[in-house]
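Following: one structure in structure tokens, then a few remarks.
The values are calculated or read from the model by the stated rules, or taken from the named source; none is laboratory data. Treat the numbers as computed from the prediction; the structure is a model and nothing was measured. In this analysis, Cβ positions are derived from the backbone assuming ideal geometry, glycine residues included, and neighbour counts consider all displayed protein chains. With ligands, DNA and RNA removed, areas are computed over all heavy atoms of the protein, side chains included. Shrake-Rupley method; radii C 1.70, N 1.55, O 1.52, S 1.80 Å.
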Amino acid sequence: MNMARPEIARDLDLYRPALERWMPRAEIRAPGKTLARFDGIVTWKTLKGPLRYLVEEKRHLRHQDVGVVVAQLNRRRADLPADHADDRLLLLAPHVRPQQAAVLERAEIDYLDLAGNAHLQAPGLFVHVEGRQPPKEAMPAPGRPQKGWIKAVMAILIQPELTNVPYRVLADHADVSLGTLAGCMNDLAARGLLLAGKANRRVADRQTLVALWVQAYIEGLRPKLKERRLQVRAEGKEEIWTRLEAVLRARAQHWALTGADAAERRTHFFRAEETEIYAPIRVFEDREIQNALGAQPAARGGNLLIIEPPGPLAIHETADGGLPVAPDLLAYAELRYRASGQALEAAQILLPLVLQNGAP
């Protein structure tokens, strides 16, 4: 038993009845030093030979971006020693939502939850159960983050040094009240995501916090942001970018590329037909600016989507090659929000930059 992590056995014991249902007499044990990054190991004898699962338990998966979780597990899978190359990955959680389940299945990561959903696929074993909802009393995890929480955590993730500044300074950067900020910091501490020592505060697990924040942004803040669509007469994206920079700079209006265009500037992958930017919506309601851009309003479609900035840090003072680009965290979140196949692929390419400690 790994004495440094005594909670492992207790946590995984919650899943023992579900595991026993599909894998009778399976052995659940703590990992040794070589596999210490996992939460446990499940071994079971099938008709086709022994099966070994490397287990990751995510108690708050329901409110997390599963794409971040998949990337984490894929990195661990790539680093496995040769004698564990055939081991399978198993994700355990109180509840796996249908959308999350689909992502896990595509990534060949098996899962099982306390609500009764499961996908186990290995030589000598196939189980698939979906659509089960957990009883309300079985979900003791903290509730869904609200708008103020999303804005405060956004500031911390974009500028990690803000984690340790006075609350008033952080509240100004996040555009939230002191009371809202205090509640957010208490919530992060309760989730085990914020460590407060005598001299400083710091995020305990950036990857988990990113996963939680992205899902909260997609569900709780992004749908509420105001948008404006325009059709710009231009030969290509570079002409749209150049015109935006010239017209808005002349009027001292701040803006930033986001979504696919921001990601393309960082990774040179996925050029979407539509350009997405953060900028004040009222600016683009001015007919003079529309004329200067060679644009006209588009009720649907269009090739320029203006999105209300989700927070003060969405627009950088600095520029990338002369063009302002939103932080990687927000570009990633917009790609996840778009949710097309190419956008999700671009998001996965951008994710390692997001998980670095801070924004460009």
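Note on the chain: percent of Cα-Cα distances in each 20 Å bin, starting at 0 and stopping at the bin with the largest distance, equals 27, 51, 20, 2. Solvent-accessible area per residue in the range 209-360 equals 43 Å², computed with a 1.4 angstrom probe and all protein chains kept. With no solvent and one equal point scatterer placed on each C-alpha of the range 237-338, evaluate the Debye formula and give log10 I(q)/I(0) for q = 0.18 Å⁻¹, two decimals. Debye curve over Cα of the range 237-338, log10 I(q)/I(0) at q = 0.18 Å⁻¹: -0.82.
Restricting to lysines 8 or more places apart or on different chains, can you count the pairs in the chain with Cα atoms under 17 Å from each other?
Values: 147/224; 147/226; 151/224; 151/226.
Lysine pairs, 8 or more places apart or on different chains, close enough: 4.
Kindly identify the range 167-313 as rounded, prolate or oblate by the Cα gyration tensor criterion: order the square roots of the eigenvalues as a ≥ b ≥ c, call it rounded if a/c is under 1.5, otherwise compare a/b with b/c, prolate if a/b is larger, else oblate. Don't skip to the end; give the middle numbers.
Details: a/c = 2.59, a/b = 2.09, b/c = 1.24.
Prolate, since a/c reaches 1.5 and a/b exceeds b/c.
Each helix, a run of at least 4 DSSP H residues, gives -39500 (n - 2.57); summed and divided by the residues of the chain, these come to -11500 deg cm²/dmol at 222 nm.
Available extension along the chain between residue 14 and residue 102 is 29.3 nm, counting 0.36 nm per residue and deducting the alpha carbon span. Sorting 126, 270, 284 by accessible area puts them as 126, 270, 284; the probe is 1.4 Å, largest comes first, and only protein heavy atoms count. Rg/Rh, computed from the Cα trace of the range 162-245 with Rh as the Kirkwood radius, has the value 1.16.
Does the range 216-288 come out rounded, prolate or oblate, given a ≥ b ≥ c as the square roots of the eigenvalues of its C-alpha gyration tensor, rounded meaning a/c under 1.5 and, failing that, prolate meaning a/b above b/c? Can you show the working numbers first?
Details: a/c = 1.78, a/b = 1.10, b/c = 1.62.
It is oblate, given that a/c is not under 1.5 and a/b is not larger than b/c.
Ranked from highest to lowest mean number of other Cβ atoms within 10 Å per residue, what is the order of the peptides 245-256, 73-84? Display every interim value, and only then the final one.
Values: 245-256: 15.7, 73-84: 12.7.
The densest-packed peptide leads the list: 245-256, 73-84.
Between residue 226 and residue 43, the FRET efficiency estimated from the beta carbon spacing at R0 = 51 angstrom works out to 0.45.
Work out, step by step, the length gained on full extension between residue 172 and residue 239: first 0.36 nm times the residue separation, then minus their alpha carbon distance; give nm to one decimal.
Numbers: separation 67, 0.36 × 67 = 24.12 nm, distance 3.54 nm.
Fully extending the segment from residue 172 to residue 239 adds 20.6 nm.
Between 147, 58, 33, the Gaussian network model of the chain with springs among Cα atoms under 10 angstrom shows the greatest mean-square fluctuation at 33.
Taking R0 as 45 Å, what FRET efficiency do you get between residue 308 and residue 33 from their Cβ-Cβ distance, rounded to the nearest 0.05?
Working: r = 49 Å, r/R0 = 1.10.
The formula returns an efficiency of 0.35 here.
Roughly to the nearest percent, how much of the accessible area of the range 175-296 is carbon and sulfur, given a 1.4 Å probe? On the range 175-296, the fraction of accessible area on carbon and sulfur atoms equals 46 percent.
Where does each of 267, 180 land when they are ordered by accessible area, with a 1.4 Å probe and the largest first?
Details: 267 35, 180 55 Å².
Sorted by accessible area, descending: 180, 267.
In the range 1-129, one over the average inverse separation of all distinct C-alpha pairs is 14.8 Å, which is the Kirkwood hydrodynamic radius. If you take the alpha carbon atoms of the range 284-354 and fit the smallest convex hull around them, that volume is 135 Å³ per residue.
Only helices at least 27 Å long along their own axis, judged from Cα atoms, and with Kyte-Doolittle mean hydropathy of -1.0 or greater: name those in the chain from DSSP H. Sorted by number, there is nothing, because no helix extends far enough and scores high enough. Look at the alpha carbon pairs under 8 Å that are at least 6 residues apart: their mean separation over the length of the range 247-287 gives a relative contact order of 39 percent. Between residue 349 and residue 82, the contour length at 0.36 nm per residue exceeds the alpha carbon distance by 93.5 nm. Kirkwood radius, the range 68-155, all distinct C-alpha pairs, inverse of mean reciprocal distance: 15.1 Å.
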